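Please read the structure below before turning to the comments.
The values are calculated or read from the model by the stated rules, or taken from the named source; none is laboratory data. As the structure is a prediction and not an experimental result, all values here were calculated from the model. With ideal geometry, Cβ positions are generated from the backbone for all residues, glycine too; neighbour counts draw on all protein chains shown. Keep in mind that these areas ignore ligands, DNA and RNA; they rest on the heavy atoms of the full protein, side chains included. Shrake-Rupley method; radii C 1.70, N 1.55, O 1.52, S 1.80 Å.
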Amino acid sequence: MQTASSFYKSIFGSKTYKISLDAGCSCPTRDGSLSYGGCSFCGQRGSGDFTPEKSLSIPDQVEAARLLVDSKFRKSPRKYIAYFQSFTNTYGNLRLLEEKWRQALSCPGVVGLALGTRPDCISEECLKLLSTLCDQGYFVQVELGFQSSDEETAAFFNRAYKNDVYFDAVYRLHRANAKIHVVTHVLFGLPVKAGGIESPEQMLASVKAVCQAKSDGIKIANLYVLKNTPLEELYKKGAFRSLDFEEYMQLLQEALKILPPSMVIHRLSGDPPRALLLAPAWCSKKKVLVNAIKELLKAFD
Ligand code: SF4
């Protein structure tokens, strides 16, 4: 088991930061191709709450995001991974997407690409392009929003694809090029149709599924409720509660026991925009959370 920070250092030889970008994509659960409204927890900016405005050109977004990172961290030299985070970044005109990816890759200090996407939005043509980018020496990371291996939970939050689509996507990405680094997102504390949230067994089963799929990396976060999302309404009705801090830490501890040594841990907490956060309040206390996670990881060193 290793953290993303040490994983990137082993590849790039120095501290590497992800900078969030917005390619102006949509999502099939928002534009009516599969449904409307999106995943119940997804904010208005499609999980890209910290990205620069999409009206900016990609080089200008890279510059703005890079300046933000540089103002927060002193360590140098720095390298950057262009993280196309908002909405579904392999959904749309592939030629236009390629143009944006290459614009980002040609910016100073940018050594690779990370694409947030859905497993059902990765065409064969897209796989070929990702493989070509790897062969041209670029680091390529594909992040799949999976969240839960429980089909009922997934249907309830409007994921709109089945588990086998996820398993197949991980397999196809690896088959296209073994260098593609696949990261899977999992959420703890998702609501279930009958009321309440998933059981610890259901949440840990999702982590086991990610290992079974042979994802190279994982991101785990607690579900948080944002304003102006379908989840807000459900939460305000009292249909579910959010996980408390101790409970989440306990779940993380159990999850870490499941992960194989080769799994790269990219995140173990969510990062909600404060102005939009309804619950739980504890997940905006970044320092407390980061320290608790550091302590937790020490036990697995
Ligand atoms: S698939 Fe991703 S971008 Fe689309 S609604 Fe769900 S979380 Fe948001």
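What do you reckon, is N158 away from the ligand (no atom under 16 Å from the Cβ) and modelled with pLDDT of 95 or more?
no
Kindly check whether there is at least one residue in segment 121-137 that is crowded, with 19+ Cβ neighbours inside 10 Å and part of a strand (DSSP E or B).
No, every residue in segment 121-137 fails to be crowded, with 19+ Cβ neighbours inside 10 Å and part of a strand (DSSP E or B).
Residues that are assigned to a strand (DSSP E or B) and without any contact (Cβ under 8 Å) to a residue 40 or more places away in the chain: does segment 140-148 have at least one?
Within segment 140-148, none of the residues are assigned to a strand (DSSP E or B) and without any contact (Cβ under 8 Å) to a residue 40 or more places away in the chain.
What residue, among those in segment 15-31 that are away from the ligand (no atom under 12 Å from the Cβ) and over 19 Å from V140 (Cβ atoms), is surrounded by the fewest Cβ atoms within 10 Å (Cβ to Cβ)?
Checked segment 15-31; the qualifying residue surrounded by the fewest Cβ atoms within 10 Å (Cβ to Cβ) is K15.
Just need a number here: residues in segment 233-255 that are of a type in the set (A, V, I, L, M, F, W, C) and in contact with a helix residue (DSSP H, G or I) (Cβ under 7 Å, 6 or more places away or on another chain).
6
Look through segment 242-259, keep the residues that are out of contact with any Pro (no Cβ under 9 Å at 6 or more places or on another chain) and over 14 Å from L289 (Cα atoms), and return whichever of them is surrounded by the most Cβ atoms within 10 Å (Cβ to Cβ).
Checking each candidate, the answer is A255.
Can you work out which of the residues in segment 66-116 that are open to solvent by 10 Å² or more (accessible area, probe 1.4 Å) and β-branched (V, I, T) is nearest to the ligand (Cβ to nearest atom)?
Selected residue: T90.
May I ask you to list pairs of residues, at least six apart or on different chains, whose Cβ atoms are under 9 Å apart, with the first in segment 1-20 being over 20 Å from P260 (Cα atoms) and the second being among the charged types (D, E, K, R) and open to solvent by less than 60 Å² (accessible area, probe 1.4 Å)?
If the second residue must be among the charged types (D, E, K, R) and open to solvent by less than 60 Å² (accessible area, probe 1.4 Å), the pairs left are S14/R78; K15/R78; T16/R78; Y17/R66; Y17/D70; Y17/R78; I19/R66; S20/D49.
Hey, does segment 37-52 have a residue that's away from the ligand (no atom under 16 Å from the Cβ) and either more than 17 Å from the chain's Cα centre (by Cα) or modelled with pLDDT under 95 (or both)?
Among the residues of segment 37-52, at least one is away from the ligand (no atom under 16 Å from the Cβ) and either more than 17 Å from the chain's Cα centre (by Cα) or modelled with pLDDT under 95 (or both), which makes the answer yes.
Taking the options V183, V210, name whichever one is within 14 Å of L256 (Cα to Cα), modelled with pLDDT of 95 or more and either out of contact with any Asp or Glu (no Cβ under 7 Å at 6 or more places or on another chain) or surrounded by 14 or more Cβ atoms within 10 Å (Cβ to Cβ) (or both).
Every option except V210 fails the conditions.
Assess whether G145 counts as being within 14 Å of the ligand (Cβ to nearest atom), within 16 Å of the chain's Cα centre (by Cα) and within 22 Å of G38 (Cα to Cα).
yes
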